[in-house]
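The values are calculated or read from the model by the stated rules, or taken from the named source; none is laboratory data. All values derive from a computational prediction rather than experimental measurement. All Cβ positions, glycine included, derive from the backbone under ideal geometry; neighbour counts span all protein chains shown. In case anyone asks, the SASA skips ligands and DNA or RNA and just uses the protein heavy atoms, side chains included. Shrake-Rupley method; radii C 1.70, N 1.55, O 1.52, S 1.80 Å.
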Amino acid sequence: MAVRQKIVALAQKIASSKKEFTQQDPEYYALECVVTDEQADVALNMDVRVPISPAKLSQKSGKSIEETTRILEELLVIGVVEATREHGELEYTLPIFVPGVMEFMVMNVAQVEKYPQIARAFEQLSLQPLKGATPMIPVGGGGLGMHVIPVETAIPAETKTASYEQLSHWLKKYDKIAVGDCSCRITRRLMGEGCGHLEKDMCIALGDVAEFAVSTGRAHKITYEECLDILRKAEDNGLVHQITNVDGPDKIFGICNCCRCSCFGLRTSQFFNTPNMSRSNFVAKIDDEKCVACGQCVEYCPANAVKLGQKIASKTSIAQPETILPDDHEWSEKMWNPNFRDSKVNVVPTGTAPCKVNCPAHIAVQGYIKLAALGKYKEALELIRKENPLPAVCGRICNRRCEFECTRGDIDQPIAIDEIKKFIADQELNPATRFIPQKMHDYGKKIAIIGSGPAGLSCAYYLAIDGYEVTVFEKENKLGGMLTLGIPSFRLEKNVIEAEIDILKEMGVKFKTGVEVGKDVAIPELRTEGFEAFYVAIGAQGGRKLGVEGEDAQGVISGVDFLRKINLGTSVDISGKVVVIGGGNVAVDVARAAVRTDAASVAMYCLESAKEMPATADEIEEAVEEGITIKNGWGPKRIIVENGKVIGVEFKKCTAVFDKNGRFAPKYNEKKTVTVEADCVLVSIGQSIVWGNLLVGLSVDINGNGTAKADDLTYQTREADVFVGGDVYTGPKFAIDAIAAGKQAAISLHRKVWPGQSLTIGRDRRVYKMLDKGDVVVEDYDHTPRQKPNRTPGDAKAGFHDQRRTFTEEQLKKETERCLGCGVSIVDQNICLGCGVCTTKCKFDAITLEKKFDGKMVPLEKTVETVMLYAAERQQKIAERLKKEQTGNK
């Protein structure tokens, strides 16, 4: 098809360019698909950004007023012109491409979905024309595009600000306000690059643009109060306010609520590493004394300017990182960051607090300890729940990897982090003091979760916050999965699990018990009921075989099955001499549960030495206190059977050996054996996944160890709407690992059910680095010893109640004072955009905005002049820096 010359001419006019555009140029193909030659004829008689009435345009175009008005209205609907009453009468303006024509064309959703090349053109035109100019743009944006305007509450009251730096000024200036869908997010969706931040009602139009956006179906009217609610909701969700920046300090036509991962306006500064393109006149400043490295500012910073670092003193000096800027450096393509959406860094190179790093869920340990120290228990609970919706459960059963790496542990004993969390989380047990999170969205789509263990419950929690209609299917008649059926009550009382689940019910999550998916109902059938995605988190609920002679004899029982019967209240026939085979935490649970039956004695035999035994030290200590004998370094050779019933076990000596990957690979001495009498053998050497018919007819691949194959970031299987998590993906691990996986699965499921959303783009990879504890200097600290919770008096073996008490408030205060406060947030002011979102997330008033620049809003017509002036100033700064460096080197 031949190039249409009138479209070329119109593209040249809008772009202020003499280039002979071809069919491959976005300026051409964006217009060619929707603009007729007749419409182009009329538009070519308009001057860019100069309002003109239909009557005057009629004279210039040689058409009647009626014809001219009709064509202008057609162009208005297309998005090539905008309407204004700036001078009283109705006039029309031919805008520039960006911001202007492209946004208006994309906001005509039916049009851009029919002609997706319009979206592609918008993506190109918001980036390519700026390649050479961005290093020369001063603070204030130089009259180009959009720029950040701070959260108004973040601006200190005593700071002198210009009116155009305040959102309230602009909202009060215009009497017409409307809201429409975000053109950037529409474009990303159509390109399959959505980041999960959805387009609905995100962009606010003001004044005449609001009027014409409503009249053409691009937006709907809202009140001033409704506008404030939208802005507040955007801030709650960590979105950045930006305003149009082409009309100088007296006029804007839009306020956008932007994210780093979709916004083309923010992209100009992030892609080219030129923050002046977007930044306000403010930067964030952190008070190290107040900051406790909770990481909320890091999570939400749109410029990746805030990172977690080290507060505790060190032997070597730690330089604070600062990014070089084009202000005083020559700039080239090698300075760009085209992969900025996927290259977020959470921690400075020297590392941060070990507790947060080593926790699989990366909970803000230091933060909630400080809140607890201040008596702000509900706020502490809220902070924990940002990463862990089952804190009361974890406070009792977590394997405490945060404590294993606690810096304080290198001095005397680690902080009793889990006991602090338990105290805070026990607020959950009282309905009056529970924390019920605010619903952030009302998405409403149906998602099915299969399995009500920690991974499933975690996923349900975070989906419920986003307002999804979540249904959890559980094949057992009790909820909680292995939390309920695999952990005895002396470690985790059932009322604790029930309290956590009650919160999910209050949030609107539905539970269906006694329903086995794959047997009672299948996933294809659930699809017909409107479920759009599925999270399979059934856990590792089966036991593992020993693979030795005699293990099928009467009296040989899987430890997992034994605990299930105990927890369901089913009678168990256990008596006489009981031998437990295994050395992990589950094996200890099995042995301790057996003590509470009619067993005469209980002995544990495991492959590992006492030092290498996988069970935690406190669990082993409790087992020994209850009279359980532990024999290390023995593996089962055979089960001795008489008349079909177990009478003993022959063990062979085992020496601990680890392979090159650090995995346990025992070496046996077949000649050195021992035989022990046994009336019952409880096998607890690991767990297996029992799939049943769940995956029949689905394209879900299974590994040799029974786990499901899936993407290691998104947990998506080969069956596109089926995701997996927890033990069914990793194999048997700990509850906190499953909880962390559940949150990540919720992110994937949210993205999956909305068209055009990538499962990976803009996603936090959650890579954390620990500070060098060997370099730490601790000169002064609280010498209070680690606090230990009391126990309820009485014989532990008398029942299944948990005798471990929660800290008293006095113990809590003493323990929180022991924290060394290792971490801190660090802001690189060179790249901070001054949006103020970080200030809305900090519970400690540790981060504030300060005014650093005096950038001005200039009209587009003065852009060249402004840029040239700044370019000269920039060259002088580059020369001064080079001279200083040369002098310093001498």
To the nearest µm²/s, what D does Stokes-Einstein give for segment 600-753 at 4 °C and 1.567 mPa s, using the Kirkwood radius over alpha carbon pairs as Rh? 69
Roughly how many Å² is the accessible area per residue of segment 762-890, as a whole number, for a 1.4 Å probe? 58
Just going by the charge dipole of the chain, with Lys and Arg at +1 and Asp and Glu at -1 on Cβ, which of Ile204, Tyr781, Ser16 is farthest out on the positive end? Tyr781
Need one number: the % of Cα-Cα pairs in segment 534-604 sitting beyond the 22 Å mark. 23
With every protein chain in place, the accessible area of Thr274 for a 1.4 Å probe, in Å² rounded to the nearest 10, comes to 0
Per residue, accessible area of segment 305-385 with a 1.4 Å probe, heavy atoms of protein chains only, in Å², comes to 41
Whole-angstrom gap from segment 126-200 to segment 286-364, using each part's C-alpha centre: 24
In this model, which of Lys307/Lys386; Lys667/Lys797; Lys446/Lys843; Lys421/Lys813 are farther than 24 Å apart at the alpha-carbon? Lys667/Lys797; Lys446/Lys843
Here the residues of segment 803-831 lying in the modelled label zone of Asp618, meaning backbone nitrogen under 19 Å from a point 7 Å along Cα-to-Cβ, are 803-820
Segment 698-751 shape via C-alpha gyration tensor axes, a/c threshold 1.5: oblate
Along the principal axes of its C-alpha atoms, what lengths does segment 268-419 span, in descending order and rounded to whole Å? 55, 36, 26
Positive end of the dipole of segment 24-178, charges at C-beta (+1 Lys, Arg; -1 Asp, Glu), about the Cα centre: which of Ser64, Val106, Ser163 has its Cα farthest in that direction? Ser163
Residues Met191 and Gln413, FRET efficiency given R0 of 51 Å [Cβ-Cβ distance, rounded to 0.05]: 0.40
Mind checking the dipole of the chain: about its Cα centre, +1 per Lys or Arg Cβ, -1 per Asp or Glu Cβ, Debye to the nearest 20? 1460
Based on alpha-carbon atoms only, what is the radius of gyration of segment 149-190 relative to the globular estimate 2.2 N^0.38 Å? 1.61
Between the alpha carbon centres of segment 690-718 and segment 407-477 the gap in Å comes to 25
Debye intensity ratio I(q)/I(0), log10, segment 341-466, q values 0.09, 0.14 Å⁻¹ (C-alpha model): -0.30, -0.71
Taking N as the number of residues in segment 437-495, what is its Cα Rg relative to 2.2 N^0.38 Å? 1.27
Of the listed peptides 243-250, 546-553, 264-271, what is their order by residue-averaged count of other C-beta atoms within 10 Å, with the highest listed first? 264-271, 243-250, 546-553
Once you have the Kirkwood Rh of segment 410-557 from its Cα pairs, apply Stokes-Einstein at 37 °C and 0.692 mPa s and quote D in µm²/s. 187
Segment 166-215, relative contact order [Cα under 8 Å, separation at least 6], %: 48
Got the relative contact order for segment 748-873 handy, in percent, Cα pairs under 8 Å and 6 or more residues apart? 14
What is segment 132-267 by shape, rounded, prolate or oblate, if you read a ≥ b ≥ c off the alpha carbon gyration tensor as root eigenvalues and call it rounded for a/c under 1.5, prolate for a/b larger than b/c, and oblate otherwise? rounded
Å² of accessible area per residue within segment 24-149, as computed with a 1.4 Å probe and no ligands counted: 36
With a cut-off of 8 Å between alpha carbons and a minimum separation of six or more residues, what is the relative contact order of the chain in percent? 18
per DSSP, antiparallel bridges as share of beta bridges in the chain, % nearest 5, sits at 55
Along the charge dipole of the chain, Cβ charges K/R +1 and D/E -1, which of Val683, Thr808, Val509 sits furthest on the positive end? Val683
Yeah, segment 709-840 with a ≥ b ≥ c from its alpha-carbon gyration tensor (a/c under 1.5 is rounded, else prolate when a/b outruns b/c, oblate otherwise) is oblate
So what's segment 109-211 giving for Cα Rg divided by 2.2 N^0.38 Å, two decimals? 1.31
Peptides 77-83, 629-635, 232-238: what's the order by average Cβ count within 10 Å, highest mean first? 77-83, 629-635, 232-238
Size of electric dipole in segment 226-286: Cβ of Lys, Arg +1 and of Asp, Glu -1, about Cα centre, debye, nearest 20: 300
What translational D, rounded to a whole number of µm²/s, comes out for the chain from Stokes-Einstein when the hydrodynamic radius is the Kirkwood one over Cα pairs, at 20 °C and 1.002 mPa s? 70
